[in-house]
Structure formats: structure tokens, C-alpha cells
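Just below is one structure, and these are the notes that go with it.
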């Protein structure tokens, strides 16, 4: 075998192996990212968040920030929200972006609003909100994103002299930066 034939065989072998590797990467299972960290701001607050992968379609979002139901009660907030990204495969099949967990989701959001120590001393006040939500997240460029969501849930407020349960309509629109 001449040197040219050996080079030709090696070149063809590399091409075949390269095409195999490229196609095997496309066949990789579609999944949420292992961890997504960022900040977001909306009409009524600013938050830092992290989404941790629980399964290929489920991520657990934890959030800390300042927010409220209206401008009169913006306070520190903690939130925990399991999200089911149900359309990642469909988006990937259509060559749409899924990086940074870009997709549609259904979630159950639990949010705790802290009150000032003065308010808490007076009435042992706490405020908890639990909301079933449908939402979307889309990326703009490499680091920026936006989210929109709607839902309904239950609010719980308790003080020394009262305990109130109420139905809460929920809508959100935030713009964020992913690190």
C-alpha cells in the first residue's frame, strides 16, 4: 500500500468517525441544565435565583430578593418552586433554544414574605403565598432572558388578632441576566 492510499484511508476513517461523533451528540437526551444562576427584575422587585436539575424535565428553583404584591409591601422574599419544563424535546426538535432552561413550564411556587421586626413583634405576622403557575422562559442572546407567567393560588396571612386565607390571581413578567 502506497503512502497516498494510507493517507486516503486515514482521512476517510477520520471523516466517518467525525460524522458518527456529530450525530451521536445530536441524539443526546434533551434535558434541563444542571444548574442555572441569575438575577431578575420585574415591576415589583428584584431577585437572585438558582435552578437545580432534579430530572431531565424538572428543576427546583430557589429565589431570594425583594418583592411584594404591590408597592406598599415590598419586603424580603424567599421562594421555592419546582418547575416541570414540558416542551424541551419539542423545542429541540424544531431547533429552538433550550439552553438556560428556555421553554414552557408548569410549577407550584411557594413564597414567604418577611415583615419588619417591629411588625413581627406587634402581631407575629407572617405571609405565605402558594401559586400554581404556567409560564415561559426565553433567552435573548447569550446571557439575557425574560419570563412571563400566570396562575392562581392561596395566600395565608396570620397575626395575633387575625388569620386570613385568600385567593390570589398571579401574573409576572421579569427580565433577567444569567451568569
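The values are calculated or read from the model by the stated rules, or taken from the named source; none is laboratory data. Bear in mind that the values here come from a model prediction, so they are computed numbers and not experimental data. Using ideal geometry, Cβ is built from the backbone for each residue, glycine included, and neighbour counts are taken over all protein chains shown.
Observations on the structure shown:
- Residue match in the range 113-134 (condition: crowded, with 17+ Cβ neighbours inside 10 Å, at pLDDT 95 or above and under 11 Å from the mean Cα position of the chain (by Cα)): no
- Matching strands (runs of 3 or more DSSP E) fully within the range 28-112 where at least 1 residues are without any contact (Cβ under 8 Å) to a residue 24 or more places away in the chain: 35-42, 45-53, 58-67
- Listed by first and then second residue, the pairs with beta-carbon distance under 9 Å, at least 6 apart or on different chains, first residue in the range 157-179 and outside any strand (DSSP E or B), second surrounded by 10 or more Cβ atoms within 10 Å (Cβ to Cβ) and at pLDDT 85 or above, are 179/36; 179/37; 179/38; 179/39; 179/143.
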